[in-house]
Amino acid sequence: MRLSQYLAPTLREEPAEAEIPSHRLMLRAGLMRKVAAGIYTFLPLGTRVIQKVEQIVREEMNRAGALEVRLPIVQPAELWQETGRWEEYGPEMFRLSDRHGRLFALGPTHEEIVTDLVRNTVSSYRQLPVTLYQIQNKYRDEVRPRFGVMRAREFVMKDAYSFDRDEEGMHRSYRAMYEAYERVFRRCGLEFRVVEADSGAIGGSYTHEFMALAESGEAEVVWCPRCGYAADVEKAECAPPAPSAEAMRPLERVATPGVRTIQALVDFLPIDVEHTAKILFYAASYGGGREELVAAVVRGDRMLNEVKLKNALGALQVRMADQEEVSRATGAPFGSAGPVGLKGARLLLDREVAAGRNWAVGANEEDWHLRNANPGRDFPSGPIHDLRLVGAGDPCPRCGAAMESRAGIEVGQVFELGTKYSEALGATYYDEEGRSRPILMGCYGIGVTRTVAAVIEQRHDEAGIVWPVSVAPFEVVVVPVHYADPAQREVADRLYRELGEAGVEVVLDDRDERSGVKFNDADLVGYPYRVTVGPKALARGEVELTRRATRQTESLPVERLVAALRERLAADRAVLSVE
Ligand SMILES: [Zn+2]
C-alpha cells in the first residue's frame, strides 16, 4: 500500500476520553474511531490487525478440529426463555422487537442458538463429538462502557461450543480448546497466565481464564512462582492457616468510646491487627424471594471475597447489607457488631478466625469491645469457610511458597458446562444401546478486539505501539525522506516493489510530508521495521533499517535489504512460533 492513498488518520493530540494506553493508541494510530459509547468503527489499519488475530484464532480452532459456522446475531426471545436466561441475563442484553412485536436479543453469547442447532441436527452417538465455532460481533449493554474496546458494547469474539457423549469426552474437548488457546495467545505475543476461575453466571463447574498481564487490567491474577498454581483473585485460595499455639486468655470487656474502625481499635487498645476480627453483614438471596442475613467473620486486616461467600452459601447473589437491615435483625448498633452473642444473622467464620485465638471483636454494644474472644468458647466454632481475598505474599495452597499477584486482562475463558443447556433445551442423542442421553457441552470464548487491546497494553512505549510481527498491520514501512527526490523515489519504489514480491507486508510512505512527521507516524502505528531512504546513506548505496522494538538502526547496502529483512522477520516469527 501507498500511504498517500491509504486512510490512516493519525492524531497528534491525546484523545481526552482515553484512560488507558491501548484506547489512546488505537485512536491516535488511526486504528479506530468512536461512533457511540462503547461502539467503534475500525479503520483499514485496525481492520488488518483484527483480521490477523482472527486468522490465528481460526487456524488454531481448525487445527483442534473445530468447525466454523455463522450463527445469527439476532436471536428470538423464545430460545432464551427456554433456558430461563431471558429473565436472568438482565439489562446487559440488548433487546429489540420486530414489526410484529416479536421479541429478539442481539446475541451477547450463543449457547441457546447453537444448542438449538445441535438438538435439531444431531441424534446419534455417531455424530459426536463435534465442536462448532464462529468469529462474530457480540453485544453487551455495559453499564459503563470504557477503556475503548476493552469494555465495549459491540466487540468481536470467537465463541466455540463442544458437544460430547460423556464426561470423558467433554474433558477431552475442553483440553483441546485449552491447548488451542495457549497457542493463540503465544502466537499473538502476549504474556499471559492461565488461571482457575469462578464460573459465574454462565454456570458449569470447571473453568479457566486466560489473563494477559497488564497494569490496566481490571482483574487480578494470583500465582505461585514455585509450582505454577494460578487463579483469578475471585477464586484464589491459599494454604490453610496453622492452628494458633496461644493459650486462651480470659474474655475481657473493654470500654472503647468512639472506636468504630479496626485501625482505631488497633491504636486505642493497642493490639496487633493480626488479633482483631471484624464482622461483615451480607444479604444473601437464593431465588424465589428467599433472603437471609449473613455475618461473615474475617481477620481485621483482611478483605472478604464475595464470590467465595456466595459459593459457600450456595446463594444466587450476595450484597452488603445496609445499616438498617443489620440493626433491625441483630439489635446491635451498627459498627459495634461482633460474633459473641450475635443474634439474627447466620454466622460464618473464615478459616483464619477459626484457627486463631484471643480475638479483639465488637461487643454488640455501642462503645464496647471484647478482648480474647475465642471460637468454641465465646462464639460458635463454625461453620468454617475460606472467605478471604488472597493476595501477594500469601502462601500457595499447593506448595506453601509466597505467591505473587498482578493485574490482568481476561482475553479468553473456557468452561465445562455439562448438561445445563442440553437439558434445558432437550439436546439429546441415542447411544449404542438406543438409550436417549443428554449431550455434554463446553463453551469457549476469546475476545478478539480485546486481545488486540491487550497486545498494545503490553507492547507500547511513549512514541506508540510496538507490534509483534504476527499481528502488526504491516511488517515494514519504507520511508523516503524526500519522495520528490528522483534518486530516493527510484530506490524507495524499487524496495517497496521487491519487498512486496518477496511476500513481505509493506507500506510505502510516499506522502508529501516532512520526514519527522513520517517517522513519528511510523513509530505511532508501530510497524516492526522501518526502512529509511535518505540522501546521505543513499550516496553510499545504502539505506537504514530500524527495528521499532529496540529503535536500533543499521545501514545496509540497498541490494542486501530485502534478504536482510526477510531474515529478521523469519527470526521474529520463530520467537512467536508454537511449533
Ligand atoms: Zn506453589
(request) Check region 478-487 and report whether any residue there is touching a residue at least 60 places away in the same chain (Cβ under 8 Å) and within 22 Å of LEU569 (Cβ to Cβ). (result) no
(message) So, in region 363-399, exactly how many residues are under 22 Å from the mean Cα position of the chain (by Cα) and more than 16 Å from the ligand (Cβ to nearest atom)?
(response) 2
(request) Report yes if some residue within region 246-261 is modelled with pLDDT of 90 or more, among the small types (Gly, Ala, Ser) and in contact with a helix residue (DSSP H, G or I) (Cβ under 9 Å, 6 or more places away or on another chain); otherwise report no. (result) no
(request) Scan region 546-563 for residues that are among the hydrophobic types (A, V, I, L, M, F, W, C) and over 20 Å from ARG497 (Cα atoms) and report the count. (result) 1
(request) Could you tell me which residue of region 400-409 is farthest from the ligand (Cβ to nearest atom), considering only residues that are surrounded by 14 or more Cβ atoms within 10 Å (Cβ to Cβ) and more than 18 Å from MET303 (Cα to Cα)? (result) ILE409
(message) Given the criterion within 16 Å of the ligand (Cβ to nearest atom), buried (at least 18 other Cβ atoms within 10 Å of the Cβ), farther than 19 Å from HIS23 by Cα and in the same structural domain as PRO108 (by TED's automatic domain parsing), identify the matching residue among ARG193, ARG183.
(response) ARG193
(request) Within region 309-325, identify whether any single residue is among the basic types (Lys, Arg), assigned to a strand (DSSP E or B) and either within 20 Å of ASN374 (Cα to Cα) or touching a residue at least 40 places away in the same chain (Cβ under 8 Å) (or both), and answer yes or no. (result) no
(message) Given the criterion within 24 Å of the chain's Cα centre (by Cα) and aliphatic (A, V, I, L, M), identify the matching residue among VAL479, VAL469.
(response) VAL469
(message) Just the residues that are over 15 Å from ARG260 (Cα atoms) and surrounded by 15 or more Cβ atoms within 10 Å (Cβ to Cβ), please, taken from region 328-339.
(response) ALA329, THR330, PRO339
(message) On the basis of being more than 16 Å from the ligand (Cβ to nearest atom) and in contact with a strand residue (DSSP E or B) (Cβ under 7 Å, 6 or more places away or on another chain), does GLU167 make the cut?
(response) yes
(request) Evaluate the following for ARG146: is it modelled with pLDDT under 95, in the same structural domain as PHE42 (by TED's automatic domain parsing) and within 28 Å of the chain's Cα centre (by Cα)? (result) yes
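The values are calculated or read from the model by the stated rules, or taken from the named source; none is laboratory data. These numbers come from a predicted model, not from an experiment. Cβ sites come from the backbone with ideal geometry, for glycine too, and all protein chains shown count toward neighbours.
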